[in-house]
Structures are given as structure tokens and as C-alpha cells.
Amino acid sequence: MKVTMEQQRGVGMVEILVALLVLAIGVLGYAGLQLSALKSTESAQIRSQGTALARNALEAIALNPKERLTYLGADSWDNAQTSFGDQPPSNPDCLSSACSPSEMADWEIAHLQWQAGTVLPAGRIRVQPCKAGSFSSSCVVVAWGDQDISECLDGGDINTGLDSECAVMEVER
């Protein structure tokens, strides 16, 4: 008596399960990459907004030379966080009426601090002394998130750590 085996037709259940497992691992890997890309994009956007805010402060200092010392004075900048969601400062209202250079400086400082607290997560901004090589200068410092603004300049030098959540720009000498 001779037994013949029929050839297998189609795909077996085990082969289907292995293929689904490989596909699931690939989809999970792709989802992880997407999540990482989203986090990087958010970080880049926040850093870009912080840099733009520092640039706005530099432009305000340059456009109001009579009050340069007001902008560069550490006591002009309130180091506390502003209340998020508050209305922008309006006293004096330098957008709809003429202001003296001193009033304009006070309004711009208050407005920059409001912008930092509104645009950035837990954002703060101030001007403080810093080193520029062997020279002493002043820098606009913007910090956000869990970053302590006093740690953005470490002994006058810029904190360049990978986990730093700061933007620092030197005021022209």
C-alpha cells in the first residue's frame, strides 16, 4: 500500500500570524518615530519663538537709545512669571497715544514680559550682565519650561547644555 501526500495549497495559520507580528512591530516603530518627530518639532518651535522674543527686545533697546540704561538695568525687569492669559499691559497705552521715551521703555519691558509668559510655556525674559569673550556686556535672556532663568548664564557664560531651555542674545557693545 502506497500513501501519497497531497501538496499544501494556500497559506497556513502560523505563517499568517508571523506576518501580522512583523507588520505590527513595523507599525509600532513607525509610530515611535512620529512621536519623536513631533516632540522635536515642538521644541524647535518654542526655541524659535524664544529667539524671536529676544530679538524683539534687542530691537526695542536699539530704537529707544535715550532709555538704553533703563532696558539694561537688572532692576527694570521683574523676574517673576506673568500670569498666563492676562491682557497685555496697557498703562501707558503707547500704541494709541504718544509716550515719552521713559514711558515707552517701561511699556515695552512690561509688554515683552507679557509676551514671554503668553507665547512660551512658563516663559520669562530679562536683561542681565554677561561675558562676551574677555569683554563684559549685557545679554537678553529668555527661558521657558522648567529652566531657571538664572542658570541660562553660568558665571556670565552662556549655558550650552543639550537640556537648556534658554535663548541668549548679546546686546550690542
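The values are calculated or read from the model by the stated rules, or taken from the named source; none is laboratory data. The model shown is predicted, which means the values in this text are computed figures rather than measured ones. We place every Cβ from the backbone using ideal geometry, glycine too, and count neighbours over all the protein chains shown.
Side notes on the structure shown:
- Residue check, THR51 within 17 Å of CYS152 (Cα to Cα) and modelled with pLDDT of 85 or more: yes
- Which numbered condition LEU23 misses (of (1) among the aliphatic types (A, V, I, L, M); (2) farther than 20 Å from GLY117 by Cα; (3) modelled with pLDDT under 90): (3)
- For SER138, the conditions (1) in contact with a strand residue (DSSP E or B) (Cβ under 8 Å, 6 or more places away or on another chain); (2) hydroxyl-bearing (Ser, Thr, Tyr); (3) surrounded by fewer than 19 Cβ atoms within 10 Å (Cβ to Cβ) are fulfilled apart from (3).
- Of all residues in region 144-173, those being among the aliphatic types (A, V, I, L, M) and without any contact (Cβ under 8 Å) to a residue 24 or more places away in the chain number 1.
- Selected residue (criterion: nearest to ALA167 (Cα to Cα)) from residues of region 97-119 that are in contact with a strand residue (DSSP E or B) (Cβ under 7 Å, 6 or more places away or on another chain) and hydrophobic (A, V, I, L, M, F, W, C): ALA116
- Any hit, region 20-31, residues being hydroxyl-bearing (Ser, Thr, Tyr) and surrounded by 11 or more Cβ atoms within 10 Å (Cβ to Cβ): no
- Selected residue (only one of ASP93, ASP75, ASP86 is under 22 Å from ASP148 (Cβ atoms) and at pLDDT below 85): ASP75
- Scanning region 122-135 for residues that are in contact (Cβ under 8 Å) with a residue 60 or more places away in the chain and either hydroxyl-bearing (Ser, Thr, Tyr) or within 18 Å of ASP75 (Cα to Cα) (or both), we see that the one that is surrounded by the fewest Cβ atoms within 10 Å (Cβ to Cβ) is VAL127.
- Per-region count, region 141-160, residues outside any strand (DSSP E or B) and touching a helix residue (DSSP H, G or I) at 6+ places or on another chain (Cβ under 9 Å): 3
- THR118 meets each of the listed conditions (1) buried (at least 20 other Cβ atoms within 10 Å of the Cβ); (2) within 19 Å of GLU59 (Cβ to Cβ) apart from (1).
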